[in-house]
Every structure is written in structure tokens, then in C-alpha cells.
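The block underneath contains the structure these notes are about, expressed in C-alpha cells.
The values are calculated or read from the model by the stated rules, or taken from the named source; none is laboratory data. Quick caveat, the model's predicted, so the values are computed rather than measured. Cβ sites come from the backbone with ideal geometry, for glycine too, and all protein chains shown count toward neighbours.
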Amino acid sequence: MSKVDSAQSTGEKRVLVIFPGALGDLICAGPAIQQIARRHRDAKIELMAKAELARFAPGRMRIARGHSIDRREVGMLFDDRDAAPSEARDFFGAFERIFSFFASGDPRYRRALEQCAPGRATFLPFRPEGEGHIAAGYLRALGIEDDTPEFRLMSAAADLERSRQALDAVGIGPDANFIAIFPGSGSPLKNWPVANYRELVALLLPAIQVAIVLGPAEETGDFAFRGVPILRNLELAVVAGVARLAAAFVGNDSGVSHLAAATRTPGVVIFGPTSPHRWRPLGEVAAVARSDLTAITAAEVHASLRALLKLHGEKRANQTAAR
């Protein structure tokens, strides 16, 4: 019996969130998803998203189950037929409420989803327009005003253990003090030059260890770093664990920077064509921004990182003293 069938047979209340975005988008929508979970405390919150995110979110984002947004029932909602197919009605009709950030402007989709879940579907904007941070925009769509939204990922012990194993495999031991560096992103236009990252690494060593984290997007291009540990193509849960174990992180305006910040590790995030006012990762983050990324020097990022680490250390000392 599948998880879906099991849920239906036990009669548990289920709420579905349909979200089409990438990793950074989902993290920015995290505060809104948390609010949905709070409003439906007696229900299981399920996420329909890109397959990798649907696998990652359960147990880490107030999500109980994940579903791929590419499953066939979703495609059925775009048919031109008068009535939604029975398979779609069976799947979507099992949910007590549906919050869709997906295709909300498509009348075919809206009509079909409303047929599947009469009176139970709420349509919300993806990347809502307006002033302020995008996370605040998602909350406003739910009727909540909060200009300083917060979000924190939940970490499983198994995630951290796998992260420690990945670090140990490249020579970073369990008690190491290290900086995690994420030099890539989904868009080359957002990438601070790799040569600048190399200069930053030279400034950091040997005072503190460095771990370079590369994803599939960095398989091409000149992402070579000599003499420093490199972790490649880790699962999102392991990337999050590596970030949480780090003293701090440095990255571009990217999904993994949003992910790292959500672990509550302090970080410096480098912005070029996008606005930190709107897209800054939620957490203890210092943004270094310039329309011309090449104008940002390694010394500038290094100084920002040192200041952030000092502030973070003082904050932790004050918290300890107050206990």
C-alpha cells in the first residue's frame, strides 16, 4: 500500500501545498508554509514540488510527505475537457485543503482543481509582486503582515551524520573549524568570479579550514580549487548538514545560500544583478552587493566575513551569559 493510499485509509486530515519553484524559492516560501501548518495543526502537510525538493522537504520543513509536481495527475488539470479526469479527482479530492502557488493565473488549471476539491482550493501567487522581501510577499498573500520573516530548517541526526562522513572523507575532522564555500549558482550571471573565490581562500588559509561545495551546475566551467577539500554533488540534506557544521559560509545569490542560511549558520552572500533587499537569504547573513560583481574584491568579502564571525561570537557569548 502506498503512503497516499495509507493516508486515505486511516482517514487522517491532509493539506497539500503545490509549489513550482527551485530551492531558493521554496526556502523563501518557508515562513508561509509554516503558517499554513500552524493553521492546520491537526492535519498532515504535504508538498508537491520538483522531485528533489519533494524528497528533501519531509521532516525538515514541517512537511510530512512529498509528491513530484511532474506526476500525471497534475498534467490532467490542464486538459481542455469539461470535467477533470477521475484520477485527478481521486488524488486531489483526498485533501482537506489545497494551497496552490502554481499556475494560479491559468483558468483551465483553476477550474479543474476546483472541480477536484470543491471549495477547498486556495490560489496564491508564485514570486508575488510588491515591496520588501519575497518571503514577506508570500506571507501577505496569506493575509499576514511580517516585514522580518524568519525560517529555520529542522535537521535530522542522520543528516548530520552523513555530512560528517562526507567531510571526514575529504580530510575535515569532526572537531574542525571550517568555512563552507558555495562558488556556484543556477545562473552564471550571479556567480562571483572563481578567481575571486580562490583569492578569498588564500586569505582564509591557514587560519581556518575551508571546504568547497560544488553541485551539478559546477561540473562545467573552471571551478578548480587546488589544495583545499572539495565536496561534489551532495544531496540537499547533506549540503544543509555541512552548512550547519560550518563556522560560517560564503556563497552567491543561490539556492544553496538560502539553504545554508536556513540552518542558522552565519554567512556572507554576494549579490550582483539581483536585489538583496528582496532576495537576501533569511538568517544571520551579511550581503555584499554591487551591480558589477567583478568590482567586489576578496578583501572586501573577507572583511565582511570576519566582522560577521565576530558579531556572531559576541551574540553567542551574550546568550550564554544570560542563561
Pull up segment 105-131, narrow it to residues that are surrounded by 17 or more Cβ atoms within 10 Å (Cβ to Cβ) and among the small types (G, A, S), then point me to the one that is nearest to L26 (Cα to Cα). A121
Number of positions in segment 244-286 that are of a type in the set (D, E) and over 11 Å from G24 (Cα atoms): 1
Among the listed residues A43, A54, A88, identify the single one that is without any contact (Cβ under 8 Å) to a residue 60 or more places away in the chain, small (G, A, S) and in contact with a His (Cβ under 6 Å, 6 or more places away or on another chain). A54
Check A287, A317 and return the single one that is in the same structural domain as S163 (by TED's automatic domain parsing) and either in contact with a strand residue (DSSP E or B) (Cβ under 8 Å, 6 or more places away or on another chain) or at positive phi (or both). A287
Does any residue of segment 212-221 turn out to be polar (S, T, N, Q), without any contact (Cβ under 8 Å) to a residue 24 or more places away in the chain and in contact with a Pro (Cβ under 7 Å, 6 or more places away or on another chain)? no
Evaluation of E52 against (1) over 18 Å from L23 (Cα atoms); (2) assigned to a helix (DSSP H, G or I) (one fails), failing number: (1)
Please find, among L160, L167, L153, the residue that is surrounded by 13 or more Cβ atoms within 10 Å (Cβ to Cβ) and in contact with a Ser or Thr (Cβ under 6 Å, 6 or more places away or on another chain). L153
Selected residue (only one of F99, F92 is crowded, with 17+ Cβ neighbours inside 10 Å, assigned by TED's automatic domain parsing to the domain that holds I69 and touching a Cys at 6+ places or on another chain (Cβ under 9 Å)): F92
When you go through A32, A37 one by one, which is the residue that is touching a strand residue (DSSP E or B) at 6+ places or on another chain (Cβ under 6 Å), modelled with pLDDT of 95 or more and under 16 Å from E150 (Cα atoms)? A37
Just to be sure, is Y109 over 22 Å from the mean Cα position of the chain (by Cα) and not small (G, A, S)? yes
Hey, S104 in contact (Cβ under 8 Å) with a residue 40 or more places away in the chain and either within 28 Å of the chain's Cα centre (by Cα) or not assigned by TED's automatic domain parsing to the domain that holds A43 (or both) or not: no
Quick check: anything in segment 65-80 aromatic (F, W, Y), assigned by TED's automatic domain parsing to the domain that holds A136 and either in a loop (DSSP other than H, G, I, E, B) or under 16 Å from A141 (Cβ atoms) (or both)? yes
Just the residues that are basic (K, R) and over 19 Å from F271 (Cα atoms), please, taken from segment 192-227. R226
Condition set small (G, A, S) and assigned to a helix (DSSP H, G or I), scope segment 102-155, selection farthest from G283 (Cα to Cα): answer is A112
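For segment 181-224, what are the residues that are part of a loop (DSSP other than H, G, I, E, B), of a type in the set (S, T, Y) and surrounded by 18 or more Cβ atoms within 10 Å (Cβ to Cβ)?
Answer for segment 181-224, where residues must be part of a loop (DSSP other than H, G, I, E, B), of a type in the set (S, T, Y) and surrounded by 18 or more Cβ atoms within 10 Å (Cβ to Cβ): just S185.
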Listed residues R264, R278, R244, R232; which is outside the structural domain of F56 (by TED's automatic domain parsing), closer than 15 Å to F182 by Cβ, of a type in the set (K, R) and touching a residue at least 24 places away in the same chain (Cβ under 8 Å)? R244
Reported set for segment 27-49 where residues are out of contact with any Pro (no Cβ under 7 Å at 6 or more places or on another chain), in a helix (DSSP H, G or I) and under 22 Å from S257 (Cα atoms) is I27, C28, G30, A32, I33, Q34
Looking at G251, is it within 28 Å of G171 (Cβ to Cβ), free of Cβ contacts under 8 Å to residues at least 24 places away in the same chain and not in a helix (DSSP H, G or I)? no
